[in-house]
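Student: Pasting in a structure now, in structure tokens, and then I'll have a few things to ask.
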Amino acid sequence: MVREEFDLRKLVKRGGETGEFIRHNKALCTGCGRCVKICPMELWELKKSKAFISPEYVEKCVECGSCWLVCESNAIEFSYPKGGTGVVWEYG
Ligand code: SF4
Ligand code: SF4
């Protein structure tokens, strides 16, 4: 039996222009990698001991806030996009 790959993006739809809603302060980043491990959409990566978020995050982020929650250095600022924009969960 072939298992279909689970894709979180199929559970949400998107609306409006969110603008930037995640900011990363590289000066505070210790390169611990917690954001890389926790992000369900694999939007963070480490380069030279600093985290980087994909420039596509505005289209792909599911707004779970996990990266912000696990960053012990306060290097990540996260705020939900303004009402009527961003993801709408269709299930769950
Ligand atoms: S969790 Fe915070 S400190 Fe750790 S790599 Fe990510 S942004 Fe940097
Ligand atoms: S809010 Fe969630 S999906 Fe978006 S970048 Fe952070 S961990 Fe990834």
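The values are calculated or read from the model by the stated rules, or taken from the named source; none is laboratory data. All of these numbers come straight from a predicted model, not from anything done at the bench. Neighbour counts run over all protein chains shown; Cβ positions are idealised from the backbone, glycine included.
Student: Name the residues in segment 27-66 that are within 12 Å of ligand 1 (Cβ to nearest atom), β-branched (Val, Ile, Thr) and touching a helix residue (DSSP H, G or I) at 6+ places or on another chain (Cβ under 7 Å), would you? First the steps, then the outcome.
Tutor: Filtering segment 27-66 down to residues within 12 Å of ligand 1 (Cβ to nearest atom) leaves 27-39, 43-53, 66.
Those left that are additionally β-branched (Val, Ile, Thr): 30, 36, 38, 53.
Scanning segment 27-66 gives a single hit, Ile38.
Student: Could you grab me the full set of residues in segment 8-32 that are more than 13 Å from ligand 2 (Cβ to nearest atom) and not in a strand (DSSP E or B)? Break it down into steps so the answer makes sense when it comes.
Tutor: Applying the first criterion (more than 13 Å from ligand 2 (Cβ to nearest atom)) to segment 8-32 yields 10, 13, 15-17, 19, 25-32.
Within segment 8-32, Lys10, Gly16, Glu17, Gly19, Asn25, Lys26, Ala27, Leu28, Cys29, Thr30, Gly31, Cys32 meet the criteria.
For (1) among the polar types (S, T, N, Q); (2) farther than 18 Å from Ser79 by Cα; (3) modelled with pLDDT of 85 or more, each residue gets a yes or a no:
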residue: Met1; (1), (2), (3): no, yes, no
residue: Lys13; (1), (2), (3): no, yes, no
residue: His24; (1), (2), (3): no, no, yes
residue: Thr30; (1), (2), (3): yes, yes, yes
residue: Gly33; (1), (2), (3): no, yes, yes
residue: Pro40; (1), (2), (3): no, no, yes
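Student: What's the total number of residues in segment 36-78 that are within 11 Å of the chain's Cα centre (by Cα) and of a type in the set (S, T, N, Q)?
Tutor: So the answer is 2.
Student: Please enumerate the residues belonging to segment 64-79 that are under 22 Å from Asp7 (Cβ atoms) and not small (Gly, Ala, Ser). Lay out the reasoning, then the answer.
Tutor: If we filter segment 64-79 for residues that are under 22 Å from Asp7 (Cβ atoms), which is where we start, we get 64-67.
The answer is Cys64, Cys67.
Student: Take the residues of segment 18-38 that are loosely packed, with under 15 Cβ neighbours inside 10 Å and polar (S, T, N, Q): which is nearest to Val58 (Cα to Cα)?
Tutor: Restricting to residues being loosely packed, with under 15 Cβ neighbours inside 10 Å and polar (S, T, N, Q), the top hit is Asn25.
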